[in-house]
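Asks: Would you mind keeping the following structure in view while I ask a few things?
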Amino acid sequence: MTELKLDLELLKNNTLFQKIKEQSDLVEDLFSSLANDFPQKELRKIHQNAKGTKISKGYNLENSPYQVLDLVRDFDEQTGFNIRVLNWWGNGLFIFVYFGGLTLEKYLGSLSELTASYKNCNHSSPWAYGQIISKELQEVGLKPKKDGFSQFFKQIDPDPEYSKTYSLIKKEIRFVLDNHS
């Protein structure tokens, strides 16, 4: 049996943990500001079953911490629609766009702009992020499933400058919403 050892240097590295906390708070502030830019009243005009925005976080998405901003929050397999901004520590920043089957059919004509730059998740679960972002499942373009939901995603390259990253994500959200209405 291999002897397990504690990494005492890591456990005592207060500077590292303070920096992680600072960055985590910064992402949370970013998501909060974005959520405030898309009030429930506006989201309901775009999708009548919108449940608003929600920010959540956790510590074990395939062994890594994560932070999420959801806008619209309707995950019905037929009539749903959602925009998810996912900051997945160690993996990247992503935008996922979820469409219920009927919602996708309704907006097929206006989705060509979206699907030109977003990849088809092509997975049976909208939550299997590790498999979704792996190279073998990525397909650019619109290939909706025959039934149930479809989901598309795009990796976002954040800028070190907070305001530029904020503007970049806001522009992507606006782009998705404009191509859904």
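The values are calculated or read from the model by the stated rules, or taken from the named source; none is laboratory data. Everything numeric here is computed off the predicted structure, so don't read it as measured data. Here Cβ is always computed from backbone atoms with ideal geometry, including for glycine, and neighbour counts include all displayed protein chains. Heads up: the accessible areas ignore ligands, DNA and RNA and are worked out on the full protein's heavy atoms, side chains in. Shrake-Rupley method; radii C 1.70, N 1.55, O 1.52, S 1.80 Å.
Asks: Which condition number does L114 fail, the rest of (1) assigned to a helix (DSSP H, G or I); (2) exposed (fewer than 15 other Cβ atoms within 10 Å of the Cβ); (3) in contact (Cβ under 8 Å) with a residue 24 or more places away in the chain being met?
Replies: (2)
Asks: For a quick check of your reading of the model, give me the residue pairs whose first member lies in segment 22-48 and is under 17 Å from F175 (Cα atoms), whose second is of a type in the set (V, I, T) and part of a helix (DSSP H, G or I), with beta-carbon atoms closer than 7 Å and at least 6 apart or on different chains.
Replies: Every condition considered, the pairs that remain are L34/I169; L34/I173; F38/I173.
Asks: Restrict the check to segment 50-67 and report whether at least one residue is open to solvent by less than 60 Å² (accessible area, probe 1.4 Å), closer than 24 Å to G148 by Cβ and out of contact with any Leu (no Cβ under 9 Å at 6 or more places or on another chain).
Replies: Within segment 50-67, not a single residue is open to solvent by less than 60 Å² (accessible area, probe 1.4 Å), closer than 24 Å to G148 by Cβ and out of contact with any Leu (no Cβ under 9 Å at 6 or more places or on another chain).
Asks: Another question, then. Would you confirm, using the coordinates I've provided, whether G90 is at pLDDT 90 or above, among the small types (G, A, S), open to solvent by 70 Å² or more (accessible area, probe 1.4 Å) and under 24 Å from S32 (Cβ atoms)?
Replies: Working: at pLDDT 90 or above: yes; among the small types (G, A, S): yes; open to solvent by 70 Å² or more (accessible area, probe 1.4 Å): yes; under 24 Å from S32 (Cβ atoms): yes.
For G90, the condition - at pLDDT 90 or above, among the small types (G, A, S), open to solvent by 70 Å² or more (accessible area, probe 1.4 Å) and under 24 Å from S32 (Cβ atoms) - is met.
Asks: Which count do you get for residues in segment 36-49 that are buried (at least 19 other Cβ atoms within 10 Å of the Cβ) and closer than 30 Å to I20 by Cβ?
Replies: Here is the first cut: in segment 36-49, the ones buried (at least 19 other Cβ atoms within 10 Å of the Cβ) are 38, 43, 47.
Restricting the remaining residues to those that are closer than 30 Å to I20 by Cβ gives 38.
Looking only at that region, the number is 1.
Asks: What strands (runs of 3 or more DSSP E) completely inside segment 19-110 contain at least 3 residues that are in contact with a helix residue (DSSP H, G or I) (Cβ under 6 Å, 6 or more places away or on another chain)?
Replies: Answer list for segment 19-110: 64-74, 81-88.
Asks: Out of S110, S134, which single residue is of a type in the set (S, T, N, Q), more than 28 Å from V27 (Cα to Cα) and at pLDDT below 85?
Replies: Working: S134 fails: more than 28 Å from V27 (Cα to Cα).
Residue meeting the stated conditions: S110.
Asks: Regarding segment 154-173, can at least one residue be identified that is open to solvent by 60 Å² or more (accessible area, probe 1.4 Å), assigned to a strand (DSSP E or B) and at pLDDT 90 or above?
Replies: yes
Asks: Still on this model: Would you confirm, using the coordinates I've provided, whether L6 is part of a loop (DSSP other than H, G, I, E, B), out of contact with any Ser or Thr (no Cβ under 7 Å at 6 or more places or on another chain) and surrounded by fewer than 14 Cβ atoms within 10 Å (Cβ to Cβ)?
Replies: yes
Asks: Under the condition of being farther than 16 Å from V72 by Cα and under 19 Å from the mean Cα position of the chain (by Cα), which residue from segment 19-35 is surrounded by the most Cβ atoms within 10 Å (Cβ to Cβ)?
Replies: In this case the residue turns out to be L30.
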